[in-house]
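Before any comments, here is the structure.
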Amino acid sequence: MIREDGPALKVEGLKKTYGNGLVALSGVSLEVGAGRFFGLLGPNGAGKTTLINSIVSLARPDGGDVKVFGKDAFAEYKEARRMVGVSPQEVNLDKFLTVEESLLYHAGYYGVEKKKAKERAEELLERFALIDKRKARTSTLSGGMKRRVMFARALVHDPKILFLDEPTAGVDVELRYRLWEYIRELNRGGMTILLTTHYLEEAEELCEEIALINGGTIAAQGTKDDLKEEYEARNVEEVYLRVVGHDVA
Amino acid sequence: MTLLESAFNRSFRTLLGREILRFVRVWTQTLIPPLLTSLLYVVVFGVALGGRIREVDGIPYLQYILPGVALMSLVTGAYMNTSTSVFDAKRERYIDDILISPMSDAQIALAYTLGGTLRGLIVGVGVFVVGMPFAGASVANPLLLLLIAVTVAFTFSALGAVVGVVAARIDHVTFMTNVVIQPLAFLGGVFYSADMLPPALRIATLFNPIFYMVDAARYATLRASYMNPYPTLAIVAALAALAFAGAWWAMNRGPNLRY
């Protein structure tokens, strides 16, 4: 496994309060080592998506610092964003584009040269079994296919860190296993992965390190084994329940 | 890399390309209806009523109205393109893919604005070219007319970007078209000279930005205008700059775009 020096992601004191007064992040600090498989867990509304959105400037944090491979996510946003791939929680495919165009246009937005974008798109269409649907408009696809296109789209500009926000939500079991396998393969190739998920078995299965976010703060963080030991838990689910305050009897 | 190269880089060109692809792909909704509607104006107002009105300011009626009618389609086309494109992208959140890309907010605003500008120009020039044989008109200063057309389309396209971002519902977008832009266009001296109005209305007309645009277009086409054309051109350019500043703000700070 390739491990680079320095963290892939360093978040310090990130704060975000929404206009309606909801405090989504109250001083979150987090460090994700390069090449790690990192899980971000927490109940609904804990601040997981806000944290990801703040890193990629989709949310405007009120304070704090974010560095992606040493590049400031705000002051050096062009360099920082080029290294990040995001597969969001909600399907957000451009309905005017075909499957293949979704990948090519995304690559273009990231400044990827045309020839390279075509090669990479071809590779990803093949990898995600989308070749037959390459000319289909994204609006005509099934839910699972849309998820695959979003995944391929997040990868087409060759990011160094991949944010997966609930990537297997609403996906059937077979596709979930295939996506898991593919994510593992990417991680083995050196890509840093930050995964948020509701499925605790997904975190158990995939992540080396886990942070539990609750009420806008990091409630616990460590390797899976350290957390289990610290909370005297048999699995991630028990750790989760103890940290978010619903102890298992 | 020069500043120009970095501003018009591949990211920017891709988004502009996407904007053009969008309106070309739905050409039956974006290009044909405005052309048809404007030609109906030419037929009804020019050919049918023109026989009775004959001349305004010494110019045959159809010739007199053609620059304004073309400009009306241009304004609506440019505005509708950007407002609906941005609104759709925001509602279905595929604009996020653009907002998290390495593009600057100014590049995003400019790519959307130029996409709408081009659609406005295609429709406006189309109406003008098709209407010309009916009107028997020629263009006194084609370069100036093109400059005015580009500036006006740019202004309304940028305004469309602002509305697309700010609008919470699609009816906010159409409200602007039906209740603000269309009435201003109709009252902007397309079909009559401001001289024909009673004094109070004539003064009110001076507060209508579309009036200046129509007047400038008429000057470039026919060398006839109500106002002195040069201050008018300055006003049109200032409005374009103001609208683009708005579009830039919208991409950077607009509600419901970046939370």
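Would you confirm, using the coordinates I've provided, whether A:E79 is facing chain B (nearest Cβ under 9 Å) and surrounded by fewer than 18 Cβ atoms within 10 Å (Cβ to Cβ)?
yes
Residue-by-condition table, conditions (1) surrounded by fewer than 18 Cβ atoms within 10 Å (Cβ to Cβ); (2) at pLDDT below 95:
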site	(1), (2)
B:M1	yes, yes
B:V47	yes, yes
B:G68	no, yes
B:Y79	no, no
B:K90	no, no
B:A109	no, no
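Among the residues of region A:118-167, how many are within 26 Å of A:F37 (Cα to Cα) and of a type in the set (D, E)?
5
Looking only at region A:193-233, count every residue that is small (G, A, S) and surrounded by fewer than 22 Cβ atoms within 10 Å (Cβ to Cβ) and tell me the total.
Qualifying residue count, region A:193-233: 5.
Please go through region B:21-37 and pick out each residue that is within 11 Å of another protein chain (Cβ to nearest Cβ) and either crowded, with 17+ Cβ neighbours inside 10 Å or of a type in the set (D, E, K, R) (or both).
Hits for region B:21-37 are B:R22, B:F23, B:R25.
State whether one or more residues within region A:108-121 are at the interface with another protein chain (Cβ under 8 Å from one of its Cβ atoms), small (G, A, S) and in a helix (DSSP H, G or I).
For region A:108-121, residues at the interface with another protein chain (Cβ under 8 Å from one of its Cβ atoms), small (G, A, S) and in a helix (DSSP H, G or I): present.
Considering each residue of region A:39-67, count those that are within 12 Å of chain B (Cβ to nearest Cβ) and either surrounded by fewer than 17 Cβ atoms within 10 Å (Cβ to Cβ) or in a strand (DSSP E or B) (or both), and give that number.
Number satisfying all stated conditions: 2.
Return yes or no: is B:S73 buried (at least 24 other Cβ atoms within 10 Å of the Cβ), within 14 Å of chain A (Cβ to nearest Cβ) and hydroxyl-bearing (S, T, Y)?
no
Looking for whichever is more than 30 Å from A:F163 (Cα to Cα) and more than 18 Å from the chain's Cα centre (by Cα) here; the options are B:V125, B:V139. Which one fits?
Step by step, each of B:V125, B:V139 is checked, and only B:V139 is more than 30 Å from A:F163 (Cα to Cα) and more than 18 Å from the chain's Cα centre (by Cα).
Can you find a residue in region A:223-236 that is closer than 17 Å to A:L9 by Cβ and either without any contact (Cβ under 8 Å) to a residue 24 or more places away in the chain or over 15 Å from the mean Cα position of the chain (by Cα) (or both)?
yes
Take B:R258 and decide whether it is within 14 Å of chain A (Cβ to nearest Cβ), in contact (Cβ under 8 Å) with a residue 60 or more places away in the chain and charged (D, E, K, R).
So B:R258 fits the description; yes.
Pairs only if they're at least six apart or on different chains, beta carbon under 9 angstrom, first in region A:110-136 and not assigned by TED's automatic domain parsing to the domain that holds A:E79 and at pLDDT below 95, second among the basic types (K, R) and part of a loop (DSSP other than H, G, I, E, B); list them, first residue then second.
none
Take A:T197 and decide whether it is over 15 Å from the mean Cα position of the chain (by Cα), assigned by TED's automatic domain parsing to the domain that holds A:G39 and of a type in the set (V, I, T).
no
Which residue pairs have Cβ atoms closer than 9 Å, lie 6 or more positions apart in sequence or on different chains, and pair a first residue in region B:54-66 that is surrounded by 19 or more Cβ atoms within 10 Å (Cβ to Cβ) with a second residue that is part of a loop (DSSP other than H, G, I, E, B) and among the charged types (D, E, K, R)?
Pairs found: B:Y61/B:R54; B:Y64/B:D57.
Looking at region B:90-98, is at least one residue within 14 Å of B:R13 (Cβ to Cβ) and in a helix (DSSP H, G or I)?
Checked region B:90-98: at least one residue is within 14 Å of B:R13 (Cβ to Cβ) and in a helix (DSSP H, G or I).
Out of the helices (runs of 4 or more DSSP H) lying entirely within region B:180-241, which hold 2 or more residues that are surrounded by fewer than 19 Cβ atoms within 10 Å (Cβ to Cβ)?
B:182-186, B:199-205
Looking for something touching a Ser or Thr at 6+ places or on another chain (Cβ under 7 Å), more than 21 Å from A:S139 (Cβ to Cβ) and more than 14 Å from every other protein chain (Cβ to nearest Cβ) - is there at least one such residue anywhere in region B:97-116?
Looking for residues that are touching a Ser or Thr at 6+ places or on another chain (Cβ under 7 Å), more than 21 Å from A:S139 (Cβ to Cβ) and more than 14 Å from every other protein chain (Cβ to nearest Cβ), one finds at least one in region B:97-116, hence yes.
Only one of B:L222, B:L184 is closer than 24 Å to B:F87 by Cβ, touching a Pro at 6+ places or on another chain (Cβ under 8 Å) and of a type outside the set (G, A, S). Can you tell me which?
Among B:L222, B:L184, only B:L184 is closer than 24 Å to B:F87 by Cβ, touching a Pro at 6+ places or on another chain (Cβ under 8 Å) and of a type outside the set (G, A, S).
Being of a type in the set (A, V, I, L, M) and assigned to a strand (DSSP E or B) is the filter; apply it to region A:13-28 and report the residue that is farthest from the other protein chains (Cβ to nearest Cβ).
A:V28
The values are calculated or read from the model by the stated rules, or taken from the named source; none is laboratory data. On a predicted model such as this, the values are computed, not experimentally measured, just so you know. With ideal geometry, Cβ positions are generated from the backbone for all residues, glycine too; neighbour counts draw on all protein chains shown.
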